[in-house]
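The values are calculated or read from the model by the stated rules, or taken from the named source; none is laboratory data. Here the structure is a predicted model, which is why all the values come from computation and not from measurement. FYI the Cβ positions are ideal-geometry reconstructions off the backbone, even for glycines, and counts take in every protein chain you see. Surface accessibility is based on the protein's heavy atoms, side chains included, excluding ligands, DNA and RNA. Shrake-Rupley method; radii C 1.70, N 1.55, O 1.52, S 1.80 Å.
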Amino acid sequence: MNMFEQYAPRTIHFVDTVQAGDWYVKVYQQTMNEQFGATNTFDKVLKHLEEWVTIPKKTSLPVYQHAFVIIHEAREGVWVLLFWWTGGEMLNRSTWFARYEAPERLLHQPNN
């Protein structure tokens, strides 16, 4: 696939709202394919959510225990984007990436 190919709309699907510790997290799947197929990565994300929602508590900003996560099948692999509200109506995020060759190995990506 050419990394400069023309953008095509992605399918996004709301899956469910799950509880992770004392947090409520809306879960979405997004794919560039006809159907979402990254089930191994998806299952791994659900297992990690309770651990991951502790990340915002390590900052000095207020948090509200509400977040959403997007598991996105992209060209180069699966991106996991966890967003949470902080400081009123601002969003913050943390990101992970899994290659298609290792769908259960989620690598945390530093925020830029």
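Could you tell me how many degrees, from 0 to 90 and to the nearest 10, lie between the Cα long axis of helix 39-52 and the main elongation axis, the longest principal axis, of the Cα atoms of the chain?
Value to nearest ten degrees: 20.
How about the stretch 19-112: which GluC sites (Glu not before Pro) there are in a DSSP loop, with at most 16 other Cβ atoms within 10 Å of their Cβ?
Listed in order of number, the matching sites are Glu34, Glu76, Glu89, Glu101, Glu104.
Students often check this: by mean Cβ neighbours within 10 Å, which of 11-17, 91-97 ranks highest, and how do the rest follow? Before the final figure, lay out the partial values.
Details: 11-17: 11.4, 91-97: 16.9.
Answer by packing, highest mean first, reads 91-97, 11-17.
Using a probe radius of 1.4 Å on heavy atoms only, what accessible surface per residue do you get for the chain? Whole Å² is fine.
Per residue, the chain has an accessible area of 64 Å².
Run the accessible area of the stretch 5-67 with a 1.4 Å probe and give the carbon-and-sulfur part as a rounded percent.
49
Going through the stretch 1-59, which trypsin sites (Lys or Arg not before Pro) have at most 13 other Cβ atoms within 10 Å and a DSSP loop state? Could you put the intermediate results ahead of the total?
Working: sites: Arg10, Lys26, Lys44, Lys47, Lys57, Lys58; in loops: Arg10.
Filter output for the stretch 1-59: Arg10.
Taking the alpha-carbon centroid of each part, what is the distance from the stretch 72-112 to the stretch 1-52 in angstrom?
Cα centroid to Cα centroid, the span is 9 Å.
Return the sequence-ordered ³J(HN,Hα) values of the stretch 88-96 in whole Hz as given by the Karplus equation 6.51 cos²θ - 1.76 cosθ + 1.60 applied to θ = phi - 60°, using x for Gly and Pro.
Result, rounded to whole Hz: x, 10, 8, 10, 10, 8, 9, 10, 10.
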